[in-house]
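J.: First, the structure itself, so that you have it in front of you.
The values are calculated or read from the model by the stated rules, or taken from the named source; none is laboratory data. Fair warning: this is a prediction, and the values are worked out from it, not measured in the lab. As a convention, Cβ positions derive from the backbone with ideal geometry for all residues, glycine included, and neighbour counts pool all protein chains shown.
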Amino acid sequence: MTSFPSKSRIFALATSCLVLALLAASQNQGFRNWKRLSETPILSPSESGFESSGTFNPAVIRRGDKFVMLYRAQDAAGTSRLGYAESTNGVHFVKRFGAVLAPEAEYEKGGGVEDPRLIELGGRYYLTYTGYNRKDAQLCLAESTDLIQWKRLGVILPAYQEKWNRGWTKSGAIVSERIAGKYWMYWLGTAADKTDQMGISSSTDLLHWTEELDVPVLPRRPGKFDSRVVEPGPPPLFTSKGIVLIYNGADDKLVYRTGIAVFDRNDPRKVLWEKVGQVPNVVFVEGMAKRGKEWLFYYGGADKFVGVASASAVP
């Protein structure tokens, strides 16, 4: 009989390779001194209830002296909700409040709410997430003042309606600063060839978005690690070197790896460079938060756990 590794073993292997990948991808280009902060998952499923099947793909943000994590929690039926956890050091998290966002709207019922990204703008917290009704997945927005009570603002990028996109819309990563008087967002869509690629849209009010290009801003690359999927990770970091975006790519065998792309800070549509290292299995970076002089990166491992790595920013 063939012996397959457990999900926890896959998590450990993937974590090791994630650090090596990001080190190779980011050396002298935004981040350095990558390291694991925990050899084991920092968040794991419960034995029963709304997170019995998995706790993964986290969004993380600083609020005062706390790190707040909203994570995708999946039950035994495959329905997703967003759970809430807090930490004082960014590594040891305590779950609280149960699910803070559960499927209620028609565009969420059946499948649930997934793919959270968090950003603070103008003293309010904004959450982009995927609403999935088991027929369509669409990029949605919600707002909050406390990260616990959320007001839905609806679908902001409907499925099937963008210029090159012919399918679902997911994974909205909003740039933290306005550029040319507008908000900018990177997102995932599906092209006519059924591959998932990255688009870019702008907005003056966060509710009404206009696609900026007739083609993907970061297209798939045949024969490379992102030949099948090119998906934005956490909200990008606005730096003097450019807009630094960590993204998740998959090849034709749907093996996921993590890469870094840098866009022009004056023109978010212009790619300056992109780079990647090797990350096997499923490691999916969605959360990023600053702790002192270092950055913490949160990722889902094996579609079941949450892990964390750290790096310092290059001056």
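J.: Would you check which residues across region 154-200 are under 19 Å from ASP115 (Cβ atoms), charged (D, E, K, R) and at pLDDT below 95 and list them?
T.: Once the filter is applied, which keeps residues that are under 19 Å from ASP115 (Cβ atoms), charged (D, E, K, R) and at pLDDT below 95, region 154-200 yields only GLU162.
J.: Please go through region 181-211 and give me each residue that is touching a residue at least 40 places away in the same chain (Cβ under 8 Å) and hydrophobic (A, V, I, L, M, F, W, C), ordered by number.
T.: TRP184, MET185, TRP187, LEU188, MET198, ILE200, LEU206, LEU207, TRP209
J.: If you don't mind, another one. Based on this model, can you work out whether ALA59 counts as among the small types (Gly, Ala, Ser) and closer than 16 Å to ALA142 by Cβ?
T.: So ALA59 fits the description; yes.
J.: Would you pick out the residues in region 202-226 that are assigned to a loop (DSSP other than H, G, I, E, B), closer than 15 Å to ILE179 by Cα and over 20 Å from the mean Cα position of the chain (by Cα)?
T.: Of everything in region 202-226, those that are assigned to a loop (DSSP other than H, G, I, E, B), closer than 15 Å to ILE179 by Cα and over 20 Å from the mean Cα position of the chain (by Cα) turn out to be THR204, ASP205, GLU212.
J.: Applying the selection to region 174-201, what residues are of a type outside the set (S, T, N, Q) and in a loop (DSSP other than H, G, I, E, B)?
T.: Within region 174-201, VAL175, GLU177, ARG178, ALA180, GLY181, ALA191, ALA192, ASP193, LYS194 qualify.
J.: Could you list all residues from region 81-115 that are among the aliphatic types (A, V, I, L, M) and closer than 23 Å to PHE67 by Cβ?
T.: Across region 81-115, the qualifying residues are LEU82, ALA85, VAL91, VAL94, ALA99, VAL100, LEU101, ALA102, VAL113.
J.: Test GLY154 against the criterion of being assigned to a strand (DSSP E or B), within 19 Å of LEU207 (Cβ to Cβ) and over 17 Å from the mean Cα position of the chain (by Cα), and give yes or no.
T.: yes
J.: Sticking with this structure for a sec: Only one residue in ILE148, ILE119 is within 24 Å of VAL308 (Cβ to Cβ), buried (at least 21 other Cβ atoms within 10 Å of the Cβ) and not basic (Lys, Arg). Which one?
T.: Going through ILE148, ILE119 in turn, just one is within 24 Å of VAL308 (Cβ to Cβ), buried (at least 21 other Cβ atoms within 10 Å of the Cβ) and not basic (Lys, Arg): ILE119.
J.: Among the residues of region 74-94, count how many are in contact with a Phe, Trp or Tyr (Cβ under 8 Å, 6 or more places away or on another chain), of a type in the set (A, V, I, L, M, F, W, C) and not in a strand (DSSP E or B).
T.: 1
J.: Could you count how many residues in region 227-237 are assigned to a strand (DSSP E or B) and either over 19 Å from the mean Cα position of the chain (by Cα) or farther than 18 Å from TRP184 by Cβ (or both)?
T.: Within region 227-237, residues that are assigned to a strand (DSSP E or B) and either over 19 Å from the mean Cα position of the chain (by Cα) or farther than 18 Å from TRP184 by Cβ (or both) number 1.
J.: Follow-up question, since we're still on this one. So, in region 95-123, how many residues would count as being assigned to a strand (DSSP E or B), among the aliphatic types (A, V, I, L, M) and farther than 15 Å from ILE61 by Cα?
T.: So the answer is 4.
J.: Taking the stated definitions as given, is LYS66 surrounded by fewer than 19 Cβ atoms within 10 Å (Cβ to Cβ), closer than 23 Å to ALA309 by Cβ and in contact with a Phe, Trp or Tyr (Cβ under 9 Å, 6 or more places away or on another chain)?
T.: Taking the combined requirement at face value, the residue does not satisfy it.
J.: Only one of (1) farther than 16 Å from ARG269 by Cα; (2) in a loop (DSSP other than H, G, I, E, B) is not met by SER171, so which one is it?
T.: Of everything listed in (1) farther than 16 Å from ARG269 by Cα; (2) in a loop (DSSP other than H, G, I, E, B), SER171 misses just condition (2).
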